[in-house]
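Taking it in order: structure first as structure tokens, then the write-up.
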Amino acid sequence: PEDIYPLDLLIPEDIWMGLPAFEDETAFRELAQPVPFVATRVQQAGFSRLLREDRDRLFRLTYLNILIKLHQLKEAQWNSAQAIRQACYGVADTHRLLTQFSEELVMDGADGKRRYKRPQLLKDRLVSYICVLALHLDGGMRTNLTEMALELSLPLARMTQYFRALGCSIDARAGAGEPKTVTSAKGGRALQAKYARLTAPLTFPKPSLGKR
């Protein structure tokens, strides 16, 4: 299943080469400011071990962190240089990254600044990339759908649609060693954890034909 959505297509080489390299955990936490989904996985693996033994995974977690932060931006912030710098800290070419998930508007202002707009199709593309990266990083092409829904501030039903559109099956039961509930970093009641899993052959939702 890992070959269905190859990582080298998700992270083009020029973007991969331009990702920031963190040499200590303090810098990672202070500068990248990892979101809870990413911070949990870095903590579980151990930053020092990732740095020593699996730098590729650390880079992928850094990229996932950037994509989630981009998703969390408000529309106006996509045209705020400060907001983009904070979300994409250390990225060498933010324009190249942004145009994967937005359209560049014709520069008609006197300031000559680039401006971006995000049609729904490209918003969906960003979330889909996030979902696939999470499947890869959590191992076995399986990830905690509920945890991701909370991270992206999406309704559980909408998050389920994204994963099903990728061909995932949804499991309402946690496997051995997997959390059975998820609580938002902001607090609140615990939610039952659901898991998305990608297996071959893919299973896609049937198209809705509507009423006649």
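Solvent-accessible area per residue in the chain equals 57 Å², computed with a 1.4 angstrom probe and all protein chains kept. Only protein atoms count toward the accessible area here, which uses a 1.4 Å probe; on region 1-137, the carbon and sulfur part of that area reaches 48 percent. For the chain, a crude dipole built from +1 on the beta carbon of Lys and Arg and -1 on the beta carbon of Asp and Glu, taken about the Cα centre, is about 1120 debye to the nearest 20. With r as the distance between the Cβ atoms of D93 and A45 and R0 = 30 Å, compute the FRET efficiency 1/(1 + (r/R0)^6) and round to 0.05. Result of the calculation: an efficiency of 0.60. A Förster distance of 30 Å, applied to the separation of the beta-carbon atoms of R29 and D56, puts the FRET efficiency at 0.90. Given a Förster distance of 41 angstrom, what is the FRET efficiency for A200 paired with E75, based on the Cβ-Cβ distance and rounded to 0.05? According to the calculation, E is roughly 0.65. Summary value for the chain: 18 percent relative contact order, contacts being C-alpha pairs under 8 angstrom separated by 6+ residues. Take the Cα of A157, step 7 Å toward its Cβ, do the same at D8, and the gap between the two points is 4.2 nm. Taking each DSSP H run with n ≥ 4 as -39500 (n - 2.57) and averaging over every residue of the chain yields -12500 deg cm²/dmol at 222 nm.
Here, P(r) means the percent of Cα pairs in each 5 Å bin from 0 to the largest distance; for region 1-158 it is 1, 8, 18, 22, 22, 16, 8, 4, 2, 0, 0. Across W78, W16, the residue with the most accessible area heads the list, and the full order at a 1.4 Å probe is W16, W78.
The values are calculated or read from the model by the stated rules, or taken from the named source; none is laboratory data. Worth saying up front: this structure is predicted, and the values here are computed from it rather than measured. Please note: Cβ atoms are built from the backbone with ideal geometry, for glycine as well, and neighbour counts cover all protein chains shown. Protein only, heavy atoms only, side chains kept; ligands, DNA and RNA dropped before computing areas. Shrake-Rupley method; radii C 1.70, N 1.55, O 1.52, S 1.80 Å.
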